[in-house]
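The values are calculated or read from the model by the stated rules, or taken from the named source; none is laboratory data. These numbers come from a predicted model, not from an experiment. Virtual Cβ from ideal backbone geometry, glycine too; neighbours counted across all protein chains shown.
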Amino acid sequence: MKTNLLPTPADLTLDEIMQRFSTDETAREYLEAIRWPNGVVCAHCKNSDAKRIWKIEANEAKKIRAGLYHCAECDKQFTVTVGTIFEDSHIPLRKWLVAWYLLCSSKKGISALQVQRQLGLGSYRTAWMMMHKIRHSLRDPVFSDKLTGTIEADETYVGGKTKGKGRHYMGNKTPVVSLVERGGRVRSQVMPTVTGKNLKAVLKANVDPKAKIYTDDFRGYRKAAAGFAAHESVCHSAGEYARGEVNTNSVEGYFSLLKRGVVGTFHHVSEKHLPLYLAEFDHRHNERKVTDGERTLAGLKKVEGKRLMYRSPVST
């Protein structure tokens, strides 16, 4: 069975996505086209033989839901949502796709409360879980390649100010290290403590040895960047922010958007869930050169094998 991928217009807007996915049927057909561009694949045994998979017609009287398939290879039934964040969800699939678009097109992020209002969801908890599941799908736990060329590395601290201790108090902040491939991708991660040893591990895991490393004058980068093609730094403490092409402007620009999102949109992000928010901001940065519709499509292609279940949203 071959599924023809519905074209994603380069100028896809919220109004158009609401019209295109006005029913769960059209939303499901679109998701099938994304997950199975070359034909239906069994979610259980990965069988892709069209002669061994058939579609079961929906029958409300017999409680047979729409989009159900049967695999003769493993004798199991499945739908396109099995093995994804959509599995067992009571939220209509069309609302899921709209939520994906809202997250991927909002430069500084979108709050769960706003998503709840715009999609008419029953509770804040539902919207909160929904958005975290999308962020979980966007997260790349393992990378197949390394960053190349010129890499800007820097660290920042995410967190508010503590009463009586001011904005610069670090006891309530979470360290974040980001690596920006100049003109290309970004990879961000939470770090327990920012030390030369930890920074070296991050650079070694994510950066090609032939790359040039540009940093600020934090001493930890001296040993961390050893072994790469080159390492140069700018001395922020002396008021130096650029010396020719040596600067960290790209990574600092990324941090600026991240912090505006945390302060202006989410207001507070806990250390536990910060990696999911970083995945969201990384995705938008890495797909910044395409349209909102194409960025949404790129994100939806990552739902394969991603599930996330929460018991209760204790903190955001």
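For segment 114-144, how many residues are over 16 Å from K302 (Cα atoms), surrounded by 14 or more Cβ atoms within 10 Å (Cβ to Cβ), of a type outside the set (S, T, Y) and without any contact (Cβ under 8 Å) to a residue 60 or more places away in the chain? Of the residues in that region, 7 qualify. Counting the residues of segment 267-311 that are aromatic (F, W, Y) and either under 22 Å from E252 (Cα atoms) or modelled with pLDDT of 90 or more (or both) gives 2.
Residues of segment 255-283 that are surrounded by fewer than 20 Cβ atoms within 10 Å (Cβ to Cβ), hydroxyl-bearing (S, T, Y) and in contact (Cβ under 8 Å) with a residue 40 or more places away in the chain: T265, S270. Pairs are defined by a Cβ separation below 7 Å, a sequence spacing of at least 6 or placement on different chains, a first member in segment 12-35 that is assigned to a helix (DSSP H, G or I), and a second member that is among the hydroxyl-bearing types (S, T, Y); the pairs so defined are L14/Y101; I17/Y101; R20/T26; E32/T3; A33/T3. Applying the condition of being in a loop (DSSP other than H, G, I, E, B) and among the basic types (K, R) to segment 202-241 and asking which residue is surrounded by the fewest Cβ atoms within 10 Å (Cβ to Cβ) yields R219.
Scanning segment 36-80 for residues that are of a type in the set (S, T, Y) and part of a loop (DSSP other than H, G, I, E, B), which turns out surrounded by the fewest Cβ atoms within 10 Å (Cβ to Cβ)? Across segment 36-80, the extreme among qualifying residues is S48.
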